[in-house]
Structures are given as C-alpha cells and as structure tokens.
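Written below as structure tokens is the structure these notes are about.
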Amino acid sequence: MPRAFLLLLSLSLTACQDREARAEVAHLKARVTDLEARVEALAAAPSVPAEAAATVQQAAATHCANDLSRTLELTRQERGGYPAESALAVPGSCQEFRVTWERLTPQSYAFRVLDGSGQALASGAGE
C-alpha cells in the first residue's frame, strides 16, 4: 500500500508540474510574440527623426565654421594677414558643406556655411 501511495503522489506532482510548465511556456510564447512585434515596429520606423538630423547637420556646420575661423586666425598670426582663398585649405569638417565668402582680404574675413540646398547654417567673421 505505501508503494501505491507514493506512485499516486508522484503522478499528482508530475501532473501539477506539467500544468505549471505549460502555463509558463504559454506566457513566454506570448511575451516573445509581443517582443517580435516591437522589434518589427522599431525596424520599420525611420532611424533618425527629422529634427535630430537637422540638429546634427547644424552642429556639424557650426563645427566647420569654428574650424575654418581657427584656421584663418592661425594663418593671420603666423603670416600677419588672412590668406587668399586660393591659398586656403578648407578643413575636413567642411567637406560636406559649401563655404561662400562675403569678404576675404588680408585684414578681414566673413563667410557662410551652406548646406546642399543653399541654406545658411553657420557663419564666421574676423578682423
């Protein structure tokens, strides 16, 4: 009789554990399905919001203007005046922009940094 009791008890425990395991598996499947849907939604969304891209471009243009002003000032200190446009090496940070000169003389300079559409994003000047 004790043997039968132990067998019955172990079957009851196994059935209970089996139900718990099935419930846990069902819960995990639902969670995986939810996470997969979130990943698909993130993958379909634009990678960078338009405002963020504009902010990054503005910051890059400002960096270009600062680098160009620094280059011009260093040249003025070394040579006693600002260089001619033909003698100026534009910094690498300006490569994706267009720099237009309002003024570039040995005594002063003024420029604008433009994006591809011609919109001014930054500027610099010195005397």
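Placing +1 on the Cβ of every Lys and Arg and -1 on the Cβ of every Asp and Glu, with no other charges, gives the chain a dipole of roughly 400 debye about its Cα centre.
Placing +1 at every Lys and Arg Cβ and -1 at every Asp and Glu Cβ, with all other atoms neutral, what dipole size does the stretch 62-118 have around its Cα centre, in debye to the nearest 20?
Result for the stretch 62-118 is approximately 140 debye, rounded to the nearest 20.
For VAL99, the solvent-accessible surface computed with a 1.4 Å probe is close to 30 Å², ligands and nucleic acids excluded.
Of the solvent-accessible surface of the chain, computed with a 1.4 Å probe over protein heavy atoms with every protein chain present, carbon and sulfur atoms account for 58 percent. Amide H contacts for ALA122 (H built 1.01 Å from N in the peptide plane; partners 5 or more residues away or on another chain; cut-off under 5 Å): VAL113.
In order along the stretch 111-117, phi translates into HN-Hα couplings of 9, 10, 9, 10, 7, x, 8 Hz, rounded to whole numbers, per the Karplus curve 6.51 cos²θ - 1.76 cosθ + 1.60 with θ = phi - 60° and x for Gly and Pro.
Accessible area per residue for the chain, computed on protein heavy atoms with a 1.4 Å probe, is 73 Å². Adding -39500 (n - 2.57) for every DSSP H run of four residues or longer, then dividing by how many residues the chain holds, sets the calculated 222 nm ellipticity at -21000 deg cm²/dmol.
The values are calculated or read from the model by the stated rules, or taken from the named source; none is laboratory data. Remember, predicted model here, so these are calculated numbers, not experimental data. Every residue, glycine among them, receives a Cβ derived from its backbone with ideal geometry; neighbour counts consider all protein chains shown. Accessible surface is based on the protein model in full, side chains and every heavy atom, while ligands, DNA and RNA are left aside. Shrake-Rupley method; radii C 1.70, N 1.55, O 1.52, S 1.80 Å.
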